[in-house]
């Protein structure tokens, strides 16, 4: 009798691969390619860069709005200060008496030689320092800009001043009067730079003599 031995060949199962890889053997043994890695890194970078850019723009917008609000208050303070000087000139003329108090007060305010006059700030821009005594000239609140430009404001104990004390700010404030015997206007300008971009706030107000 002839004995027959049959041999069966069984195909290797997927479980024989310890990594249970469903890719071709060459891919399973080599891992990720350089291109795949670069694509993954690019996608990850883009997904992070978008929110970071949005957050940066939001911070810049918030700081710009804060500076604009501060500049508006500083410019309005300049207008109110000049109005107060005009009122003081009228009160001084009223106490002195005379036939035409309003005209005398206005003339002294726009072209007089005293410290209460705005004469020096009509032909050129002036700096304003409310921490000093009211008036125009050396050692007083309004002083003509020296040189080519006015100096920046400093913040000391919550007060913006031209004196070099406290912390220097990016703001520069100028006051100039365009006045005639019958009236005129005051221009208060606050300028600053943020991220190398110039900004400015300009407030104009009309002034007339007291009637």
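Odds and ends about this structure:
Condition check ((1) surrounded by 15 or more Cβ atoms within 10 Å (Cβ to Cβ); (2) at positive phi) across all residues:
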residue	(1), (2)
153	yes, no
173	yes, no
182	no, no
195	no, yes
206	no, no
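- When segment 155-170 is limited to residues that are assigned to a loop (DSSP other than H, G, I, E, B) and touching a strand residue (DSSP E or B) at 6+ places or on another chain (Cβ under 9 Å), the one that is surrounded by the most Cβ atoms within 10 Å (Cβ to Cβ) turns out to be 162.
- Residue 97 being exposed (fewer than 14 other Cβ atoms within 10 Å of the Cβ) and modelled with pLDDT of 90 or more: no
- Those strands (runs of 3 or more DSSP E) of segment 36-153 in which 1 or more residues are without any contact (Cβ under 8 Å) to a residue 24 or more places away in the chain occupy 133-136, 140-144.
- Within segment 100-129, restricting attention to residues that are surrounded by fewer than 16 Cβ atoms within 10 Å (Cβ to Cβ) and more than 24 Å from residue 162 (Cα to Cα), the residue that is modelled with the lowest pLDDT is 100.
- The one condition in (1) modelled with pLDDT of 90 or more; (2) touching a helix residue (DSSP H, G or I) at 6+ places or on another chain (Cβ under 6 Å) that residue 67 fails to fulfil: (2)
- For the criterion of being under 16 Å from residue 85 (Cβ atoms), touching a strand residue (DSSP E or B) at 6+ places or on another chain (Cβ under 7 Å) and in contact (Cβ under 8 Å) with a residue 60 or more places away in the chain, residue 173 passes.
- Filtered by the rule that a residue be more than 24 Å from residue 202 (Cα to Cα) and touching a helix residue (DSSP H, G or I) at 6+ places or on another chain (Cβ under 7 Å), segment 75-91 gives 89, 90.
The values are calculated or read from the model by the stated rules, or taken from the named source; none is laboratory data. Just so you know, these numbers come straight off a predicted model, no measurement behind them. Quick reminder, even Gly has a Cβ in these numbers, built from the backbone with ideal geometry, and neighbours come from all protein chains shown.
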